[in-house]
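For reference, the structure is listed below as structure tokens.
Readers should treat all values here as calculations from the given coordinates under stated rules, not as data from a laboratory. This structure is a prediction, so every number in the text was calculated from the model and none was measured. We place every Cβ from the backbone using ideal geometry, glycine too, and count neighbours over all the protein chains shown.
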Amino acid sequence: MSGDLRREIIGCLRVAGPVEGHLRSLRNFHRRDWEASIHWMKLSGIALPFWDCLHRLGADDAVPRQAGAGLAANLAEHRGRVAVMMEEFDSLNRRFEFAGIEYAVWKGFALIPDYCPDAGLRPSYDYDYLISEETHARAQEALEAAGYVLKPGRGPQHHVTFVPPQLSSRHSPSAGGLFSASLPRKVELHLRLWDEEAFGISLRVPECPLQRKSRRNWQGLSFYALPEEDAFVFQTLHAFQHILHNWCRLGWLRDIAYFLEQRSTDTPFWKELFAHLEANEPLAEVVALVISLAAGVFHAGLPASMKNWLRGAMRSQVSLWVDQYGLRSAIDNFSENKYTLFLYREFVRDEAAWRQIRRSRLLPLQRPNRLPGAAAPATSVPLPESWKQAWYVIRRLVHHSMRGAGYVWESARWERLRRLSDGRV
């Protein structure tokens, strides 16, 4: 029943159309269904907008009292966190500008209000900056002077991450809950916003976006941000790369759906975006894919011209994947199966590269990214640190083995569907 509840929760968060039917359905679920779904809401990034929706519609009693009290406390706590983050964010911007560092803010506060009307409703865990190669070293020095510590990365990367000193130790304790003002934030410096080496997919992304940056003013803060068209393209790329990694927060798709709904009649914007993507088929297909997912899950209204563009931008196999697996997998943040590998394969041209990617994705050896402060799954008894590590490895092996078996089992069906979509029997 918790799966049914999740669909009703998502229905309450649709960006267009009536939600009253979904609100009524919420009252049909038992307390245990809510207990099974609260953690999912928090990790999905939709707990805060969900509670805000209920509160605005006077439907606080649609959830059990204890669950509602917890969500209300989370929202109040997060508003305090946002106030602290705004001060920290402004301090970082001033440091960069004082040092003569060319930058553009990516994600985070730069998404308000176009992708989310209220910063207090959007969980944020780091600050992302696009930095020019010429000033990259100076940006690192500025962060080190502010007390941040460089965090070593894994594999080929085109960004570096800085963390506060209390997060630099591998065994540092959690600093509060997911919405706490005491939860430390990371700072990520990006040289580029698509990593071809890491994903094995060649995409021609907008060049020199820093040359088109503009000054933004929001809530008394002033900072440089990407132009609208570039920001939208890179936001869809951000979702796409997380889908390929089998972890894309539902809240990121809702951000995009909200933008789509707010801009649905902004013809000049969409004309500019389509011109941006003209004769750039792989990138246009990625953008179309993410638009289809976001609009499909959260019911964003799309004008006829957009629907026609989507049909032309996506190959039949990619559209098929959205219908067969994408919309369903999005509900679980793409983490409960490995069907994104079917999508991944459509974008990798080199057979040897694909075999290596598939092998690494079926059984990842490294720890997955986890939100700072997110507790590891609990065990029934306290365990020594070495035992905890062993238990974690066993759980991951079981998880990936089961999901991998599901992928292999489903592969034959997917190939049949692909042949049918191609007109091959």
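Things worth noting here:
- Centre-to-centre separation between the Cα atoms of region 124-143 and those of region 61-98: 23 Å.
- Fewest-first ranking of MET314, MET402, using other Cβ atoms within 10 Å as the exposure measure: MET402, MET314
- Unit charges on C-beta of K, R, D, E only; dipole of region 1-63, Debye: 100 debye
- Bridge type composition, region 83-226 - antiparallel percent by DSSP, nearest 5: 75 percent
- Across region 12-125 the C-alpha pair distances fall into 10 Å bins from zero in the proportions 12, 38, 28, 14, 7, 2 percent.
- Surrounding net charge for HIS22, when Lys and Arg each add one and Asp and Glu each subtract one, Cβ distance under 9 Å: +1
- Relative contact order (%) - the chain, alpha-carbon pairs under 8 angstrom, separation at least six: 15 percent
- When each of LYS271/LYS338; LYS42/LYS186; LYS107/LYS186; LYS107/LYS213; LYS107/LYS151; LYS42/LYS107 is checked by Cα-Cα distance, pairs over 24 Å: LYS271/LYS338
- The mean sequence distance of close C-alpha pairs (under 8 Å, at least 6 residues apart), as a share of the length of region 83-226, puts its relative contact order at 27 percent.
- DSSP-defined antiparallel bridges as percent of all bridges, the chain, nearest 5: 75 percent
- Taking a Cβ cut-off of under 14 Å around ALA72, the surrounding Lys, Arg, Asp and Glu residues balance to a net charge of 0, with basic ones at +1 and acidic ones at -1.
- Sequence of ASP422, ASP230 once ranked by neighbouring C-beta atoms within 10 Å, starting from the fewest: ASP422, ASP230
- Within the chain, the selection of entire DSSP H helices by a Cα span of 27 Å or greater along the long axis and an average Kyte-Doolittle value of at least -0.5 returns 65-98.
- Helical contribution to [θ] at 222 nm, DSSP H n ≥ 4, -39,500 (n - 2.57), averaged over the chain, rounded to 500: -17000 deg cm²/dmol
- Charge context of GLU285, other residues only, Cβ under 11 angstrom, K/R +1, D/E -1: -1
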